[in-house]
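Notes follow the structure.
The values are calculated or read from the model by the stated rules, or taken from the named source; none is laboratory data. Since this is a predicted model, take the numbers as computed values, not measurements. Cβ atoms come from the backbone with ideal geometry, glycine included; neighbour counts cover every protein chain shown. In case anyone asks, the SASA skips ligands and DNA or RNA and just uses the protein heavy atoms, side chains included. Shrake-Rupley method; radii C 1.70, N 1.55, O 1.52, S 1.80 Å.
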Amino acid sequence: YVVASFGLQVVVLAVFMNWTDLTNGHAGLPGIPRPNVFGWVIDEPFEYVFLSVAFAALTYAVCWRLTNSAFGRVLQAIRDDEIAAQAMGKNVVQVKIVVASISSALGAMAGSLYAHYITYINPSSFALHESIFIASLVILGGSERLAGPIVGAFVLLAIPEALKFLAIPDTVAAPLRQVIY
């Protein structure tokens with residue numbers, strides 16, 4: 001599934017790079033407006049942190065509710081043994097479609113936040129290395145725990161960034177960040 005997703009991403013990226021009438025190709029889409037929440041335009045980075053944290057908390061709450069419900073138990077059964085879940089009368093295909101739709105909606109929300117923050121978007125922002133990095137966050141933190149991707153993000157983002165504040169020469173810090181990654 002992951003390899004097929006990466007393959008589809010490469011194809012979609014190529015289409016977006018070459019479909020200049022829709023996406024403006026490599027030039028991208030400039031002029032995306034800042035977020036407007038009930039008349040309050042969020043244009044300061046510190047304000048945007050609050051908006052991002054609010055959406056992250058909402059996302060976490062939705063995921064927590066899903067995983068701690070009957071639907072979540074079906075997801076766990078499918079993860080553990082798909083054939084056994086199907087033998088228990090669960091519609092595995094329907095559950096997979098629903099969870100893919102929910103995941104896509106949450107991903108679209110994150111992409112929208114990103115686009116409104118930088119006010120510009122182009123297809124190269126979503127290259128394969130970005131997806132591999134996100135998959136690395138999940139794998140490092142653990143995919144079986146809801147907080148796993150948060151832990152993975154902390155390890156792969158915060159710790160190497162913390163090295164910037166140490167008095168280490170750039171010739172040592174850059175390779176050290178790579179080693180930590």
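Side notes on the structure shown:
- Inter-label distance, nm, simple model (7 Å from Cα along the C-beta direction), Tyr117/Val138: 2.0 nm
- When the surface is traced with a 1.4 Å probe over the full set of protein chains, Thr67 keeps roughly 70 Å² accessible.
- Solvent exposure, largest accessible area first (probe 1.4 Å, DNA, RNA and ligands not counted), of His129, His116: His129, His116
- Residue-wise HN-Hα coupling along the stretch 113-122, computed from phi with Karplus coefficients 6.51, -1.76, 1.60 (Hz; x: Gly, Pro): 4, 4, 5, 6, 6, 8, 6, 7, 9, 9
- The solvent-accessible area of Ser125, taken with every protein chain present and a 1.4 Å probe, is close to 30 Å².
- Other-chain or far-sequence residues with amide H under 5 Å of Ile121's (modelled H): Leu29
- Working note: Karplus 6.51/-1.76/1.60 with θ = phi - 60° gives the stretch 135-151 the couplings 5, 5, 4, 5, 5, 5, x, x, 7, 8, 10, 5, 7, x, x, 5, 5 Hz, where Gly and Pro are set to x.
- Electrostatic dipole magnitude of the chain [Cβ: Lys, Arg +1; Asp, Glu -1; Cα centre; debye, to 20]: 400 debye
- Angle in degrees between helix 70-80 and the longest Cα principal axis of the chain, rounded to the nearest 10: 90 degrees
- Scattering profile of the chain at q = 0.12 Å⁻¹ [log10 I(q)/I(0), Debye over alpha-carbon scatterers]: -0.81
- The order of Ser131, Ser104 by accessible area, most exposed first and with a 1.4 Å probe, is Ser104, Ser131.
- Positive dipole terminus of the chain, leading residue within Gly111, Leu137, Phe16 (C-beta point charges): Leu137
- Carbon/sulfur fraction of accessible area - the chain, other protein chains in place, 1.4 Å, %: 69 percent
- Only DSSP H runs of four or more residues enter the estimate; each adds -39500 (n - 2.57), and after division by the residues of the chain the mean residue ellipticity at 222 nm equals -21000 deg cm²/dmol.
- Contour excess over end-to-end distance, with Cα ends at Ser104 and Phe38 and 0.36 nm allotted per residue: 21.3 nm
- Entry comment: accessible area of the chain is 69 Å² per residue, from protein heavy atoms only and a probe of 1.4 Å.
- Taking the centroid of alpha carbons for each part, the stretch 43-88 and the stretch 119-173 are 20 Å apart.
- When +1 charges are put on Lys and Arg Cβ atoms and -1 charges on Asp and Glu Cβ atoms, the dipole computed for the stretch 40-128 relative to its Cα centre reaches about 400 debye.
- A 1.4 Å probe, protein heavy atoms only, puts the accessible area of Tyr120 near 80 Å².
- Note on surface exposure: Lys164, Lys96 rank Lys164, Lys96 by accessible area, highest first, 1.4 Å probe.
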